[in-house]
Amino acid sequence: MKIVFLDEYSVCGRNLDGIRRYGEYVGYDMTQPEQVVERSKDAEIVITNKVVLDADIIAQLPHLRLICVAATGMNNIDLNAAAERGILVKNAIGYSTYAVAETTIGSALALLREVVYYDEYFKSGRYASSPRIFNFDRPTAGLRGKRWGVIGMGNIGREVARLAEAFGCEVSYFSTSGIARDEAYKSVSLNELLSESDVVSIHCPLNDRTRSLIGRDEFSRMKQSAILINVARGGIVDEAALAEALDAGELRGAAFDVFTSEPLRESPLYHLKDPYRLLASPHNAWSPVEAIDRLIGCIEQNIADYVAAK
């Protein structure tokens with residue numbers, strides 16, 4: 001049985017022996033679209049994080065029986081095409097819940113405490129040359145007592161809510177699906193959440209209901225002292241409108257780990273008047289080594305289940 005991993009770099013060099021033991025394993029650091037068919041043509045199992053397997057590609061892989069998505073989201077797979085050919089598609093669920101929630105809380109603290117600015121102030125030598133023990137160039141703020149609004153109360157949103165409450169925040173949430181659930185937190189409209197929250201964090205999927213959910217009108221409803229955190233998907237927030245809001249001082253700051261295109265090429269977010277208002281990272285909120293090892297374990301279990309059912 002041949003197993004091909006098309007973008008092995010996405011697991012950060014962690015141990016894949018548990019997967020290798022199931023057959024002839026071939027891993028590629030990265031795979032370009034034009035390379036997918038050639039590299040996968042003899043594979044019974046293909047593992048992909050972000051490499052696309054569309055209907056045309058799937059039709060050219062006669063031996064393919066299992067696609068293991070090395071992530072939770074499966075929007076890079078044509079699920080209908082796979083189903084029509086009897087190909088199983090399995091993703092990894094829950095491996096990054098705690099990691100993304102920790103990143104969310106850490107981002108809020110970093111923005112409120114102006115961590116990036118003061119770290120640079122120290123390392124630049126300005127502190128060493130200052131006559132003063134303290135510096136208040138950028139006033140900091142605390143998290144306790146703040147109102148925290150969660151957009152999308154799934155597993156990650158629920159864990160963020162739990163952590164925020166532990167820090168002394170009052171939590172409310174907006175359900176992007178519109179489905180009423182029995183939650184421990186107050187359900188509010190999007191307008192109410194945006195207007196009342198000091199911290200807004202996004203944890204919903206990207207779909208027709210959430211695409212461009214936050215734009216110019218929504219930013220105008222937020223507090224000038226508020227911060228916005230997006231660790232969900234690019235496309236939920238209008239990035240040009242975000243840049244305008246930050247430049248106009250309509251928001252205290254924002255933390256983004258996801259973007260409409262990744263890597264993000266030219267963008268107004270690279271040219272902010274005050275770059276310290278934005279805390280940005282390259283889509284790695286999910287990626288502590290512990291979470292990656294859980295992800296690999298999910299892939300291994302999906303392959304084990306497939307082998308056992310053969």
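Looking across the stretch 80-99, the residues that are open to solvent by less than 10 Å² (accessible area, probe 1.4 Å) and either touching a His at 6+ places or on another chain (Cβ under 7 Å) or under 16 Å from residue 154 (Cα atoms) (or both) come down to 92, 99.
Scanning the stretch 146-184 for residues that are part of a loop (DSSP other than H, G, I, E, B) and open to solvent by less than 60 Å² (accessible area, probe 1.4 Å) turns up 146, 152, 153, 154, 168, 169, 175, 176, 177, 183. Only residues that are open to solvent by 10 Å² or more (accessible area, probe 1.4 Å) and either within 25 Å of residue 94 (Cα to Cα) or among the polar types (S, T, N, Q) (or both) were counted in the stretch 55-69, giving 2. Any residue at all in the stretch 133-144 that is closer than 18 Å to residue 103 by Cα, more than 18 Å from the chain's Cα centre (by Cα), among the charged types (D, E, K, R) and surrounded by fewer than 14 Cβ atoms within 10 Å (Cβ to Cβ)? Among the residues of the stretch 133-144, at least one is closer than 18 Å to residue 103 by Cα, more than 18 Å from the chain's Cα centre (by Cα), among the charged types (D, E, K, R) and surrounded by fewer than 14 Cβ atoms within 10 Å (Cβ to Cβ), which makes the answer yes.
Yes/no per residue for (1) of a type in the set (A, V, I, L, M); (2) closer than 19 Å to residue 4 by Cβ:
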| position | (1), (2) |
| --- | --- |
| 64 | yes, yes |
| 70 | yes, yes |
| 94 | no, no |
| 97 | no, no |
| 102 | no, no |
| 111 | yes, no |
| 132 | no, no |
| 137 | no, no |
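Across the stretch 265-286, the qualifying residues are those that are free of Cβ contacts under 8 Å to residues at least 12 places away in the same chain and outside any helix (DSSP H, G or I), and the one among them that is most open to solvent (accessible area, probe 1.4 Å) is 265. Here residue 57 clears all of (1) part of a helix (DSSP H, G or I); (2) within 21 Å of the chain's Cα centre (by Cα) except the condition numbered (2). Picking from residues in the stretch 107-128 that are without any contact (Cβ under 8 Å) to a residue 12 or more places away in the chain and in contact with a helix residue (DSSP H, G or I) (Cβ under 9 Å, 6 or more places away or on another chain), the one that is farthest from residue 159 (Cα to Cα) is 128.
The values are calculated or read from the model by the stated rules, or taken from the named source; none is laboratory data. Computed from a prediction, not measured in an experiment: that's the story for all the values here. Methodologically, a virtual Cβ is constructed for each residue, glycine included, from the backbone with ideal geometry; neighbour enumeration extends over all protein chains shown. What goes into the accessible areas is simple: the full protein's heavy atoms, side chains included, and nothing from ligands, DNA or RNA. Shrake-Rupley method; radii C 1.70, N 1.55, O 1.52, S 1.80 Å.
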